[in-house]
Structures are given as structure tokens and as C-alpha cells.
Amino acid sequence: MPGVRVVTDSATDLPAELVAEHDVIVVPLDVRVGDADPATTSALSGAAFWELAASTDALAQTSAPSPGAFAAAYAAAASSGADGVVCVTLSARLSATHQAAVAGASSAEIPVAVVDSTTVTMAEGFVVLEAAEAAARGGDLATVEAAARSCIPDVEVFGALGGLEALRRGGRIGSSQAFFGSLLAVKPIVEIRDGVVVGESRQRTRARSLGYLVDKAVAAGPLRRLAVAHGAAPDLDTFLEMLGAARPDDKIVVTYIGPVIGAHAGPGTIGLCMQRA
């Protein structure tokens, strides 16, 4: 049945079952880890990526998809009968992915609206889900695009980092260089603010950093969606127990931080992603 299809990039970390349920087309970013074949690495599941990362000292590197990759995704949507596409990308201030998505739309045979989510991981995924749900209700291109854009102010993501090396070497700490450079044993909390990674607070221990994330969830008030994205964190279950006790009425989606965000966040990271109601 003709309608609007939703396209996104692999930085969403959307679980495969949600991608399938909402008929989303995912364009993968390129991911390279040491001598591993980039085509294989880019397609790895979150769990497989962290297994690979644990087996090597090489830090993962990422690059944006080509405009041609997005053009192919738009063509696939058209071939499936879609009469329009809404493409949601990770923050344009963190990656050239948004630019590639816009460039790819220039050759599309159906109308394409490209939306900068201004965020990453499952917070970006929430924007995708809003668009997909509007499309499933039969919304036209303008309606689906508006659904995506209107929820962006209501999504946020905070991360308790497992370490600083990947973020520092990946060059994604922007104006927060001084914040991170002054840290020794302190455990930093980061957030995506205005499309970039910034230092949100300093916690003295890992336990306090996890408790701080739970406090953020409690203070957020009513939530439409709640997710935890993790980089194979050994204390994930502890955090989920804490979060579940604090917000017993909320369904918590749990997913791995995939290769794109994981390349910069590093192992052990736990991300709290929220969409306010």
C-alpha cells in the first residue's frame, strides 16, 4: 500500500525487532576496526561488535555513508510502493551523515524530507519511531515529517562513560575538552546538548554515576519512551534493577550501543535515553 517510508542510519541502535515491526530502512555507517573487513564490521550486531572490540587494542573508526547509499535506500522505498520518504539522521554536528542524506535526496524519484534528530543512539531512535508511527497511521509526507520534528525537543540522552580514551581519540568531545582533560579518577556523565557531546557532571564513583542517571530518569516526569543502550557494560543488570525500581510503570527498551556510537563511547558505557510525554 503506497505511503511514507522511514529511512534512518545505523547510529539509532534500534533493536532489529523494532526496525522490522516499523518497516524502517537502515543505512549503515562505515565502521572499521583494525584489519577487520569494513563491510563485515559495519553490519555487525551490537553484541558481535563488542566481542570484536574486546579482542583487539584497535579503536573503531567510523565514517558517514555515501550519498549513493542513501539514494539506494530512497530507491528501495520507491520500489516498495512508497510515495514519499522521511529520513531521520544522527546529529549533523557529529557526523556528515545528514549532509549525505540530503545529497542523496537530490536524485530520488519520490519526495524526501531529511530530519536532523540532533541526537544519537536510542534518542534518535525515538524520533524514528514517532515518524514510523505517523506513517503507519496513514500520514502524508508533511505529517510524518512534522511528527519527527515535533518530538525532538522531548528526547534526551545521558551517558555514564566506561572510559575516556575512545571519546578523546574519536574527537567527539568538542568544546568539553577542558572538562575531560581535567578528570582523573572522576566518572563523567555526558549528554547530547544542541547536537554535540558535552560534559554534564562529574561523579566520584561508578555507583554514583549510575545512581545519578536513575535520578535523571525520576526527575524527567512522565515519559513516552525509555531506553537503556549499553556497551557490554558488566553492571548493566544492576543499573536496570535500579531504574526499574525507580520507574516501575515504564517499559524499558534495552539495546546494545552499536558500532557507530560505540566507537566513540567505549566499552562499559551506559546510556539513558528518554522521551518526555
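Per-residue ellipticity at 222 nm for the chain, helices alone: DSSP H runs ≥ 4 residues times -39500 (n - 2.57), over residue total, nearest 500 deg cm²/dmol?
-11500 deg cm²/dmol
So, counting K/R as plus one and D/E as minus one, what does the shell of residues with Cβ under 12 Å around H230 add up to?
After counting each charged neighbour, the total is -3.
Please get the size of the charge dipole for the chain, origin at its Cα centre, with Cβ charges of +1 on Lys and Arg and -1 on Asp and Glu, quoted in debye to the nearest 20.
900 debye
Taking springs between alpha-carbon atoms closer than 10 angstrom, which of P234, P65, P15 fluctuates most in the Gaussian network model of the chain?
Highest fluctuation among the options: P234.
Rank G159, G211, A246 by how far each Cα sits towards the positive end of the charge dipole of the chain (+1 on Lys, Arg Cβ; -1 on Asp, Glu Cβ) and give me just the farthest.
Toward the positive end, the furthest listed residue is G211.
Give me the dipole magnitude in Debye, nearest 20, for the range 4-153 about the Cα centre, with unit charges on the beta carbon: positive for Lys and Arg, negative for Asp and Glu.
Details: 5 positive and 18 negative charges, 65 e Å.
So the dipole magnitude of the range 4-153 works out to roughly 320 debye.
Find me the longest stretch of the chain that has none of the exposed trypsin sites (Lys or Arg not before Pro), where exposed means in a DSSP loop (not H, G, I, E or B) with at most 13 other Cβ atoms within 10 Å.
Between exposed loop sites, the widest span is 1-136.
I need the Debye-formula profile for the range 4-153: one equal scatterer per C-alpha, no solvent, reported as log10 I(q)/I(0) at q = 0.21 1/Å, two decimals.
Values, matching the q order: -1.30.
Identify, among P267, A71, V19, the residue whose Cα sits farthest towards the positive end of the charge dipole of the chain, taking +1 on the Cβ of Lys and Arg and -1 on the Cβ of Asp and Glu, with the dipole about the Cα centre.
About the Cα centre, the residue reaching furthest to the positive side is P267.
With axes computed from alpha carbons, what is the tilt in degrees of helix 67-79 against the longest principal axis of the chain, rounded to the nearest 10 within 0 to 90?
50 degrees
Where a number appears in this text, it was derived from the coordinates with a stated rule and is not lab data. Everything numeric here is computed off the predicted structure, so don't read it as measured data. Every residue, glycine among them, receives a Cβ derived from its backbone with ideal geometry; neighbour counts consider all protein chains shown.
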